[in-house]
Amino acid sequence: MLSREQQDTIKNTVQEFFQKATLEVEIKESDLEGETFKIDLETEIPQLLIGEQGQTLTEIQYLLRLILRRKIVEPFFLDLDVNGYKRKKNIYLEELAHTTANEVSLLRIEKELSPMSAQERRIVHLTLVDRSDVVTESRGEGAERRVVIKPKPLG
């Protein structure tokens, strides 16, 4: 568990990172959930920090994690969000999973979703794990890996 001092170090390092990059961001909220330190940022230029399909945000998060690992030896995860992008994306993925699963269950045909990152696929799998009428699996390689939702065999 991260101490209050370590949490402050993380917040200060994130703030300093964006100041040095001459990007104006405001830390709206930070919270420790288990081993994950979540930071919600607000900015006037969210798309610059998010990038195409969240790629820039993922890379910024990776860089910050590397910087912070030199300051804090205790294991932790960093989860950055910009203007609620990840939260909204998770809600969208959960809704997509439920809608597609309902369609698969009704029509009894499998459906392939668009290619997704590992984190996005994980959200879909976890959203549907308790459903008794469908199963999920990942297919494909690399950037083309996607979730397939299939009807559970009858009987």
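The values are calculated or read from the model by the stated rules, or taken from the named source; none is laboratory data. Fair warning: this is a prediction, and the values are worked out from it, not measured in the lab. Note that we place each Cβ from the backbone using ideal geometry, even for glycine, and neighbour counts take in every protein chain shown.
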Item checked: Matching residues, region 98-155, being β-branched (Val, Ile, Thr), farther than 16 Å from GLN53 by Cβ and surrounded by 14 or more Cβ atoms within 10 Å (Cβ to Cβ) -> THR100, VAL104, THR127, VAL134, VAL135, THR136, VAL148, ILE149
Next item on the list: Output yes when any residue across region 102-118 is outside any helix (DSSP H, G or I), closer than 28 Å to GLY142 by Cβ and of a type in the set (Gly, Ala, Ser), and no when none is.
Entry: yes
Notebook entry, point to check: Is it the case that region 17-29 has a residue that's among the hydrophobic types (A, V, I, L, M, F, W, C) and part of a helix (DSSP H, G or I)?
Noted result: yes
Item checked: Hits in region 3-25 - residues which are among the hydrophobic types (A, V, I, L, M, F, W, C) and farther than 15 Å from ARG70 by Cα -> PHE18, ALA21, LEU23, VAL25
Next item on the list: Scan region 99-130 residue by residue and report those that are modelled with pLDDT of 95 or more and polar (S, T, N, Q).
Entry: THR99, THR100, ASN102, SER105, SER114, THR127
